[in-house]
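Take a look at the structure set out below.
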């Protein structure tokens with residue numbers, strides 16, 4: 001992947017990018033740029049290529065073609081919240097210890113966590129409303145609580161960009177609403193750049209800065225939901241109410 005100088009207002013830009021596996025493209029000719037502090041949603045049905053594009057931006061897999069550029073002041077630090085996380089229950093990690101994992105890239109190998117580091121972990125737990133449960137085993141938490149801990153772990157990396165892959169999948173309706181309220185609060189409180197992948201139309205805030213709609217191998221870009229509302233209305237597979 002080539003890193004080039006670019007407008008410092010843009011933290012990510014894709015130019016003529018194709019993504020896929022083993023040289024076989026799933027999505028082609030992708031062009032868009034995201035500015036620092038924006039809230040972006042990648043939306044589309046399961047299996048459309050959202051996660052593949054997401055992982056390409058994250059540099060987990062390389063693009064097949066094209067160029068992805070990042071901000072020219074410094075390479076951005078990503079905080080990644082995966083779709084689901086299964087920690088082996090043989091290892092009895094507490095919620096606090098899971099969040100502490102997010103700080104490992106900030107300390108030298110084999111060095112103990114500092115008092116400052118633990119204070120930062122406590123702040124991240126407080127930001128997601130889980131400080132009181134910090135000593136609870138991760139395996140004993142509910143689905144919504146686990147998701148909050150994974151968000152706190154991503155925050156512990158001190159990210160420039162927070163990436164969330166299907167953050168409300170697999171949790172009940174009440175937990176979905178609370179998680180979305182939390183994500184929106186974090187975006188506003190910390191002015192975080194957020195990229196969220198979802199197939200749940202009701203999880204998309206109406207006021208987002210960018211909507212990347214992926215369907216039938218096509219990538220459509222809009223700066224507001226209003227631009228794509230006619231297309232969404234035609235898709236009978238997408239039902240629900242947009243987030244206010």
Legend entry - Estimated distance in nm for a label pair at residue 65 and residue 131, the labels positioned 7 Å out from Cα along Cα-to-Cβ: 5.2
Legend entry - Nitroxide proxy distance, nm - points 7 Å out along Cα→Cβ at residue 29 and residue 202: 3.6
Legend entry - Label-point gap, in nm, between residue 185 and residue 142 - each point 7 angstrom along Cα→Cβ: 1.5
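Just so you know, all these numbers are worked out from the coordinates, no wet-lab data involved. From a predicted model like this one, the values you see are computed outputs, not experimental measurements. Positions of Cβ are backbone-derived with ideal geometry, glycine not excepted, and every protein chain shown enters the neighbour counts.
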